[in-house]
Each structure stands twice: as C-alpha cells, then as structure tokens.
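Accompanying notes for the structure given below.
Each value in this text was obtained by applying a stated rule to the coordinates, not by laboratory testing. Since the model is a prediction, treat every value here as computed from it, not as a measurement. We place every Cβ from the backbone using ideal geometry, glycine too, and count neighbours over all the protein chains shown.
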C-alpha cells in the first residue's frame with residue numbers, strides 16, 4: 001500500500017511532461033508551417049499589392065481626367081448642335097502627309113470631316129481642331145442607336161498640343177468633358193477647360209463651315 005502513491009505521482013508527472021512535449025512540438029510545427037506559407041505566398045502578396053496600387057492610381061488618373069460641368073444644360077445644348085454639324089460636314093481630304101498624320105494621331109474616326117477654327121485664350125488666336133467620331137456613331141446608327149457620340153477637340157499652340165473629349169453619356173443623357181490621358185498633366189485647371197470648350201462648341205456651326 002505504501003508504494004502505490006509515489007508510483008501514481010510519477011505516472012501523472014510523466015503524462016503531464018508528455019503532453020507538454022506534444023504541445024511544444026505541435027506549436028513548433030504550426031509556427032514552421034506559417035513561416036513556410038509566409039515565404040511561399042510573398043510573391044503573390046507583392047503582386048496583389050502592386051495590382052491594388054495600380055488600380056488606385058488608375059482610378060485617381062480617371063478622376064483627374066473628368067472635367068466637372070457647372071452649367072450642364074448649356075453645355076449639352078452646344079455639344080448636341082456641334083456634334084450634329086460635325087457629323088454632317090462634307091469630307092475634306094488631308095492637306096499632305098503631315099496633316100494626315102495629325103488626323104490619325106488626334107482625330108480618329110473623323111472620316112475626313114475635320115473642322116479647323118481658332119479661339120483666343122488670352123494671348124491671341126490659337127488653332128483649334130474639332131471632329132466627331134463619325135465611324136463609331138455610324139456603326140451605332142446601323143443598329144438604331146443614337147449612342148457613341150463623341151467630339152474630339154484639339155488645341156494647338158506653339159508650346160504644346162492639348163486634347164479633350166466631349167462625350168455623350170447614354171445613361172445620364174448628358175454630355176461630359178474630359179482631358180485625354182496625354183493632356184492630364186498639363187498646367188491647366190478644370191475651370192480653364194469648361195468655359196473655353198463650351199464657347200468653342202457654341203461657335204462650331206458658324207466657325208466650321210464647309211470649305
């Protein structure tokens with residue numbers, strides 16, 4: 001009877017020690033597995049972070065491209081009239097290779113219906129070219145749609161060329177105005193764009209006469 005108690009104590013001690021060792025081994029295995037997972041998935045996380053960053057940057061650029069319109073009704077009116085006029089202009093072949101290249105780079109889809117006018121931004125008259133994307137609109141009309149209405153506006157000065165687009169939004173039934181990506185970093189605020197572009201669109205029926 002006297003030997004049973006010590007044996008029981010030793011047995012309980014070994015059991016406790018065994019479970020402690022098992023827990024330590026399990027913890028080491030779990031930590032090791034986590035470390036391996038962390039190393040293996042690091043490239044994927046880097047790619048994911050880079051993708052998220054690119055999406056965020058792209059969204060920021062898109063937001064910068066949009067020009068807020070203060071007087072939407074007025075802008076819509078002039079854009080509607082301007083597009084109709086540009087879409088119905090007679091075709092005029094480019095004046096040489098340089099003009100052809102300029103149209104291809106800045107006035108895609110014009111089908112040679114290009115208007116050259118001018119506008120005074122404060123330092124004298126500056127050439128302004130406008131055209132409707134007639135090719136896209138023609139395709140839309142073939143299926144009975146009045147969508148795909150877009151006006152390309154190109155301001156050419158001795159220092160730089162600025163490109164903007166006026167585009168009809170089928171969902172909101174309004175025209176929008178935006179910088180082209182190549183012009184978004186130019187030193188001009190959005191407020192600079194709305195007023196002059198509205199006036200330029202307003203002048204199209206008189207300033208863009210067929211030659």
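A few notes on this one:
- Segment residue 70..residue 157, full-extension length gain: 28.7 nm, with 0.36 nm per residue of separation and the alpha-carbon distance subtracted.
- Calculated FRET value between residue 91 and residue 199, using beta carbons and R₀ = 35 Å, to 0.05: 0.85
- FRET efficiency, residue 191 to residue 80 (Cβ-Cβ, R0 41 Å, nearest 0.05): 0.95
- Potential lengthening of the chain between residue 171 and residue 123 amounts to 13.4 nm, from the contour at 0.36 nm per residue minus the alpha-carbon distance.
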